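The next block holds one structure in the form of structure tokens; read it before the comments.
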Amino acid sequence: MAGTLAVVGEKWSLLVLREAFLGVRRFADFQRILGAPKAVLTDRLGTLVEQGILRRVPYQAEGERQRHEYRLTTKGTDLYPTLVALMQWGDKYLADDGVAPLALEHRDCGAPVHLGLVCDDGHELGGAREVRAVPKAAAVSSR
């Protein structure tokens, strides 16, 4: 967990990822939406690219110099459940008057989307009290 937080645990990194999942790709759009200082945004985008979560793709608008946009990699899209979990927690405990600012819907059928804990046998779990942490042999031997 510590390694993950070192990569994406900073506020601006998570906000950049949220916007990337919402379709934002260009530096100026990230800056306009987030209001992040230019130096901070540059640093966070650089870190996310360096870690393989985003990739820089060149583009050039007609009559302008070449620029780069930022696209999620497979490694980046694998973070989506993490952001949804944080969103669900915030909606439950921080939303004003219990009204979430954004709803997630299944693109095909329109049903609400939510995360849950499910074991490999298909049982839905109610929370941490139904889970047991078991050290794996490789993890134990590397300590």
Residue with peak Gaussian network fluctuation, the chain [Cα springs, cutoff 10 Å], from 64, 130, 105: 130
Mind listing the Cα extents of the chain along all three principal axes, in Å, largest one first? 59, 46, 29
In percent, how large is the relative contact order of the chain, given Cα pairs closer than 8 Å and 6 or more residues apart? 15 percent
What ³J(HN,Hα) values, in whole Hz, does the Karplus curve 6.51 cos²θ - 1.76 cosθ + 1.60 give for the range 41-57 when θ = phi - 60°, with x put for Gly and Pro? 4, 4, 5, 5, 4, x, 5, 5, 5, 4, 7, x, 8, 10, 10, 8, 10
Residues with beta-carbon under 12 Å from that of residue 30, excluding residue 30: net charge, scoring Lys, Arg +1 and Asp, Glu -1? +3
In sequence order, calculated HN-Hα J values of the range 78-90 (Karplus, 6.51, -1.76, 1.60; Hz; x Gly/Pro): 5, 7, 3, x, 5, 5, 5, 4, 5, 5, 4, 4, x
For the chain, with a Gaussian network of springs between Cα atoms less than 10 Å apart, report the residue from 113, 84, 40 with the top mean-square fluctuation. 113
Roughly how many nanometres apart are two label points built 7 Å out from the Cα toward the Cβ at residue 62 and residue 131? 5.2 nm
Dipole magnitude of the chain, debye to nearest 20 (Cβ charges: Lys/Arg +1, Asp/Glu -1, about Cα centre): 660 debye
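Read the figures in this text as sums done on the coordinates, not as results from a lab. A quick note: this is a predicted structure, and the numbers were derived from the prediction, not measured. Positions of Cβ are backbone-derived with ideal geometry, glycine not excepted, and every protein chain shown enters the neighbour counts.
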